[in-house]
Amino acid sequence: MTDKKFREEYNSIKAPEELYGRIMNSGKDEVKSSVQPFRKIIAAAASFAIVITAAVAMLTYDGAPEIYVGGTRLTGEVELTEKNNDGLMLARAGSEVSCEFSFSFDRETTVSLSDGILLSEDGTVISVSDEEKSFRDALLCKWVIGNADNGKTYEMKLSDGRRDYLITLSFDNADGQWTAALTE
Amino acid sequence: MGRNPAPEKDISAAYKKYSDMLFRIALMHTGNENDAMDCVQDVFLKYMDKNILYFSQEHEKAWFIRATVNRCHDLFRKNSIRNHGELSEAENVSYKEHFSEESYGVLDALERLPEKSRTVVILHYLEGYSVEETAKMLRIGASAVKMRLKRGREELKSLLKEEEFND
């Protein structure tokens with residue numbers, strides 16, 4: 001690759017005499033200071049950021065189940081209605097109300113209904129009213145209430161052992177539509 | 001306040017053994033004497049500070065070479081940011097002072113090699129380390145060394161041809 005002459009010249013290179021003095025004398029602290037403190041600051045900042053991130057994650061993590069109705073997240077602040085959500089609908093024939101849910105649980109959660117039935121995607125019955133069923137991970141289902149009464153509030157209770165959540169289905173007479181809401 | 005090197009470390013002996021080789025390696029990476037001296041100086045200061053037990057002389061030597069290469073790469077990146085990838089004329093001068101004009105072509109070609117290829121080319125072809133030794137020093141696989149050598153050779157050939165053509 002490299003010719004002989006080049007290698008000879010390369011191998012004849014010696015460290016300048018002043019280098020030894022620079023290393024051994026007191027000036028070495030100054031040179032070093034340009035490298036080490038910067039690394040220490042970066043390392044300290046990185047450690048601090050990791051600790052803060054972990055603390056924030058621990059404080060903000062509440063393990064609450066994620067509940068979606070027709071693809072929209074149901075939270076305590078949002079009410080989903082027939083008009084703004086396709087998953088919530090009133091089957092006019094026979095006054096049947098149905099609501100499509102998608103749950104994501106972090107821990108085992110029991111689900112119970114005041115009325116109606118829970119159907120799986122393929123239409124099989126998962127749970128009926130006054131019955132407690134436990135679920136983990138994800139659940140896709142439809143809550144169906146036949147012969148729904150406009151003056152009544154229907155409830156689905158969720159409990160993960162630490163907290164209870166209540167999903168309600170009720171008819172809003174002012175808007176003339178069914179509404180789903182979540183309270184904790 | 002003075003440094004308190006570990007008693008078992010004989011700095012003068014280590015300096016005698018490794019300084020020329022480390023300076024050469026640093027010089028080929030940095031392209032100028034001042035930066036090369038800074039690199040070697042930093043490495044020796046690290047050596048004094050670190051409480052590393054070296055299993056053998058080879059282990060110690062490998063540590064010195066790896067630390068020098070890493071320090072050069074750090075400095076190269078810093079200079080790239082500072083100079084936007086171009087070293088000033090003044091910084092390049094002392095680099096070539098160690099070579100005759102006939103060798104400038106090889107030097108220029110080496111300088112244009114990618115950082116990683118340049119390091120293995122220097123250690124293997126100029127310092128004479130085997131592929132396995134180079135791999136151990138850089139803590140990479142032998143196949144990676146071979147690949148970098150292959151690419152380095154090809155690129156050097158093409159760069160040297162280009163230079164001949166330009167001359």
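Hey, for a label at residue A:147 modelled as a point 7 Å past Cα toward Cβ, could you say which residues of the range A:93-125 have their backbone N under 15 Å away? Taking a point 7 Å out along Cα→Cβ of residue A:147, the residues of the range A:93-125 whose backbone N falls under 15 Å are A:94-97, A:115-117.
Counting only other chains, and only Cβ atoms inside 10 Å, what mean value do you get across the residues of B:98-107?
Working: counts 5, 6, 4, 0, 4, 8, 1, 1, 8, 3.
That works out to 4 on average.
Spin-label pair residue A:140-residue A:114: with each label point 7 Å from Cα along the Cα-Cβ axis, the two points sit 2.9 nm from one another. Stretched out straight at 0.36 nm per residue, the stretch from residue B:162 to residue B:144 would grow longer than its current Cα-Cα span by 3.8 nm. Note on residue A:166 and residue A:130: the model spin-label points, each 7 Å out from Cα along the C-beta direction, lie 2.0 nm apart.
Beyond 31 Å in Cα-Cα separation lie the following of the pairs B:46/B:157; B:46/B:161; A:40/B:116; B:16/B:161; B:96/B:150: B:46/B:157; B:46/B:161; B:16/B:161.
Put simply, the amide H of residue A:172, placed in the peptide plane, has neighbours under 5 Å in A:177, A:178, A:179, leaving out anything fewer than 5 places away on its chain. Can you give the FRET efficiency to the nearest 0.05 for residue B:101 and residue B:153, using r as the Cβ-Cβ distance and R₀ = 25 Å? Calculated transfer efficiency: 0.60.
Specify the inter-centroid distance of the range A:102-158 and the range B:9-26, based on alpha-carbon positions, in whole Å. So the separation of the two Cα centres works out to 76 Å. Averaged over the residues of peptide B:33-45, the number of Cβ atoms from other protein chains lying within 10 Å of each residue's Cβ is 4.
Each value in this text was obtained by applying a stated rule to the coordinates, not by laboratory testing. Predicted, not measured: the structure shown is a model, and the values here were computed from it. Reconstructed Cβ throughout: ideal geometry from the backbone, glycine too, with neighbour counts over all protein chains shown.
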